[in-house]
Amino acid sequence: MSDESRPSPTETSAGTSVETSAEVSAEASAADRPHARTAAVIPAAGRGVRLGPGAPKALRALGGTPMLIHAVRAMAASNGVSLVVVVAPPDGAGEVKSLLDAHSLPERTDFVVVPGGETRQESVRLGLDVLPPEYDIVLVHDAARPLVPVDTVDAVIDAVREGAPAVVPAVPLADTVKQVEPAAVPGEPEPVVATPERARLRAVQTPQGFDRATLVRAHGTVTDDVTDDASMVEQLGLAVVVVPGHEEAFKVTRPLDLVLAEAVLARRRLNDGF
Ligand code: C5P
């Protein structure tokens with residue numbers, strides 16, 4: 001992408017001005033700095049077609065509040081996070097900025113909005129490009145996981161502070177998983193190739209946490225399509241570790257997930273009432 005076409009960050013009223021693209025020394029890992037500052041990048045530029053027709057997924061309401069606002073609040077709920085970068089749909093940065101301005105958010109956190117790209121990977125990279133130099137730890141959190149509890153966010157940050165270059169929250173699987181040879185025609189029976197031992201499998205969630213220099217290097221090196229950022233770090237041959245995730249950090253993908261998310265919010269409201 002040329003400098004002319006590179007999107008410029010959009011400042012929110014609670015935000016701060018942000019310089020574009022900071023080069024970070026690979027030697028200066030987050031583990032060297034126990035009080036390293038943490039920024040969260042939230043890719044929210046997807047359309048969410050599996051959820052059915054309607055607004056982009058991140059802007060769908062849950063309990064009357066857009067999913068993206070829940071996700072932003074979930075990151076800002078951690079005392080460790082002092083900057084949240086929201087990666088908006090390419091043509092929707094203004095709308096997302098207005099949305100953040102219209103909702104109450106913690107004052108001790110800065111918020112920045114940038115336009116996203118064609119793929120999730122590109123959207124994350126565009127978010128990384130606007131991080132100021134003083135941030136040594138980066139969380140990447142899907143807007144589609146609006147209800148992740150703050151304890152999970154803190155556990156990820158702590159593990160990066162303790163020296164892991166990449167940390168993913170994950171949960172054991174309830175279902176047995178089969179590897180198949182995908183059918184050429186959808187709906188046709190598919191031959192099973194293998195059955196991995198379920199006890200050794202984990203379903204991976206977000207936020208995923210990274211030593212910033214490691215994640216920037218991964219995004220600059222790995223060009224294969226990936227579905228999560230940690231697998232890019234694996235491709236660099238670096239260690240990725242798992243910490244316990246949470247059942248409420250599930251991804252809102254299909255219509256039934258919206259029903260579950262509403263139920264979780266209702267349960268929280270009930271518990272808050274006592
Ligand atoms: O499509 P999927 O559910 O895997 O998307 C995960 C996250 O990546 C979502 O929060 C979505 O908004 C985001 N995304 C993005 N830019 C894209 C595609 C997806 O920020 N081009």
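Could you tell me whether any residue of region 24-40 is of a type in the set (S, T, N, Q) and modelled with pLDDT under 95?
Scanning region 24-40 turns up at least one residue that is of a type in the set (S, T, N, Q) and modelled with pLDDT under 95.
For region 156-198, how many residues meet the condition of being within 27 Å of the chain's Cα centre (by Cα) and among the hydrophobic types (A, V, I, L, M, F, W, C)?
13
Any chance region 68-86 includes a residue that's at pLDDT 90 or above, among the polar types (S, T, N, Q) and over 21 Å from I157 (Cβ atoms)?
no
Based on this model, can you work out whether V243 counts as open to solvent by less than 80 Å² (accessible area, probe 1.4 Å) and in contact with a Ser or Thr (Cβ under 9 Å, 6 or more places away or on another chain)?
Yes.
Wholly within region 120-233, which strands (runs of 3 or more DSSP E) include no fewer than the required count, namely at least 3 residues that are among the β-branched types (V, I, T) and away from the ligand (no atom under 14 Å from the Cβ)?
Filter on region 120-233 gives 166-172.
Which of the numbered conditions does T227 fail, given that it passes all the others? Conditions: (1) of a type in the set (S, T, Y); (2) in contact with a His (Cβ under 7 Å, 6 or more places away or on another chain); (3) open to solvent by 20 Å² or more (accessible area, probe 1.4 Å).
Here T227 clears every test but (2).
Please go through region 73-92 and pick out each residue that is within 12 Å of the ligand (Cβ to nearest atom) and part of a helix (DSSP H, G or I).
Once the filter is applied, which keeps residues that are within 12 Å of the ligand (Cβ to nearest atom) and part of a helix (DSSP H, G or I), region 73-92 yields nothing.
What tally of residues in region 136-177 results from selecting those that are more than 28 Å from P196 (Cα to Cα) and open to solvent by 10 Å² or more (accessible area, probe 1.4 Å)?
Qualifying residue count for the region: 9.
Only one of A45, A58, A39 is over 20 Å from F250 (Cβ atoms), within 14 Å of the ligand (Cβ to nearest atom) and crowded, with 17+ Cβ neighbours inside 10 Å. Can you tell me which?
The conditions single out A45.
Hey, among V156, V130, which residue is in contact with a Pro (Cβ under 6 Å, 6 or more places away or on another chain) and within 12 Å of G80 (Cα to Cα)?
V156
Just to be sure I understand the filter: pairs with C-beta atoms under 8 Å, separated by 6 or more residues or on different chains, first member in region 45-62 and of a type outside the set (D, E), second member part of a strand (DSSP E or B) and open to solvent by less than 30 Å² (accessible area, probe 1.4 Å). Which pairs pass?
A45/V87; A45/A88; A45/P115; A58/P66; L59/P66; R60/P66
Given T152, T176, which one is more than 30 Å from N79 (Cα to Cα) and touching a helix residue (DSSP H, G or I) at 6+ places or on another chain (Cβ under 9 Å)?
Sole residue among the options that is more than 30 Å from N79 (Cα to Cα) and touching a helix residue (DSSP H, G or I) at 6+ places or on another chain (Cβ under 9 Å): T176.
The values are calculated or read from the model by the stated rules, or taken from the named source; none is laboratory data. Remember, predicted model here, so these are calculated numbers, not experimental data. Every residue, glycine among them, receives a Cβ derived from its backbone with ideal geometry; neighbour counts consider all protein chains shown. Quick note on the areas: whole protein, heavy atoms, side chains included, nothing else; ligands and nucleic acids left out. Shrake-Rupley method; radii C 1.70, N 1.55, O 1.52, S 1.80 Å.
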